[in-house]
Amino acid sequence: MARPRKFEEQDVLQRAMELFWEKGYHGTSVQDLVQHLGINRASLYDTFGDKHRLFLRSLIHYGASGGDQLLNLLESDFPLRQKLSSMLKTAVDNPLSIPGQRGCFILNATCELAEQDSEVGAYTQVHLHKMIAALEKAIAHAQEQGEIRSHPDPRSLALHFYSTYTGMMMLSRSGACCDDLGRAADSALAMLD
């Protein structure tokens with residue numbers, strides 16, 4: 001008779017995500033996971049498969065919790081400038097408030113694995129397309145409503161703002177100061193004037 005699990009799967013997944021986010025995929029060993037999660041190897045393998053499966057589930061978990069908040073913001077009824085300002089503000093404030101300046105887990109996974117790991121690459125591509133599509137839709141709506149000028153086109157602005165956002169996340173992770181990140185955000189928002 002199998003012994004019952006003595007852990008909450010979602011709690012373990014959250015803690016695994018935090019460890020992968022802090023150390024990266026290659027920097028995290030199975031032993032690190034066993035120690036950090038407080039479960040034995042057999043339970044880890046029985047529940048999550050291998051390290052790679054656990055990493056993918058952690059990435060999806062992060063996207064559902066962090067990414068959805070950003071998508072919800074972009075799909076809200078707030079004025080576009082407020083949406084974009086809030087989005088860029090998370091790039092200034094959030095990574096710097098996390099010990100070790102971890103940045104965005106999806107962006108980190110993209111940089112570390114997307115080129116060599118087709119499953120991670122596919123997931124990060126879907127996330128990228130979702131974010132750009134949401135930005136493009138919000139910008140097009142604001143242009144139709146006369147909230148911002150109609151040029152440049154929504155796609156170009158969406159690419160610009162997402163590139164700025166991800167670039168600010170990387171700068172933050174590299175130790176850029178809040179003032180410099182704030183300047184980058186202000187410069188991007190000036191494109192709406």
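The values are calculated or read from the model by the stated rules, or taken from the named source; none is laboratory data. Here the structure is a predicted model, which means the values were calculated and not measured. Please note: Cβ atoms are built from the backbone with ideal geometry, for glycine as well, and neighbour counts cover all protein chains shown. Each accessible area value is taken on the protein alone, full model and side chains, heavy atoms only, with ligands, DNA and RNA left out. Shrake-Rupley method; radii C 1.70, N 1.55, O 1.52, S 1.80 Å.
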Only helices counted: for the chain, with every DSSP H run of 4 or more residues adding -39500 (n - 2.57) and the sum spread over all residues, [θ] at 222 nm is -22500 deg cm²/dmol
Kindly express, to the nearest 10 degrees and within the range 0 to 90, the angle between helix 118-144's C-alpha long axis and the longest C-alpha principal axis of the chain. 30 degrees
Mind counting lysine pairs for me in the chain? Cα separation below 30 Å, and the two need to be 8 or more apart along the chain or on different chains. 10
Rounded to whole Hz, the Karplus (6.51, -1.76, 1.60) HN-Hα couplings of the range 70-84, x for glycine and proline: 5, 5, 4, 4, 5, 8, 6, 8, 5, x, 4, 4, 5, 4, 5
In the range 103-175, the GluC sites (Glu not before Pro) that sit in a DSSP loop and have at most 11 other Cβ atoms within 10 Å of their own Cβ are Glu115
Accessible surface of Ser174 - all protein chains present, 1.4 Å probe, nearest 10 Å²: 100 Å²
Would you work out the relative contact order for the chain, in percent, from Cα pairs under 8 angstrom that are 6 or more residues apart? 23 percent
Helix 154-173 vs. the chain, principal-axis angle (Cα, 0 to 90°, nearest 10): 50 degrees
Leaving out ligands, DNA and RNA, what percent of the accessible area of the range 54-157 is carbon and sulfur, probe 1.4 Å? 53 percent
Cα gyration tensor shape of the range 68-193, rounded if a/c is under 1.5, else prolate or oblate by comparing a/b with b/c: oblate
Toy charge model, Lys and Arg Cβ at +1, Asp and Glu Cβ at -1: the chain dipole around Cα centroid in debye, rounded to 20, equals 440 debye
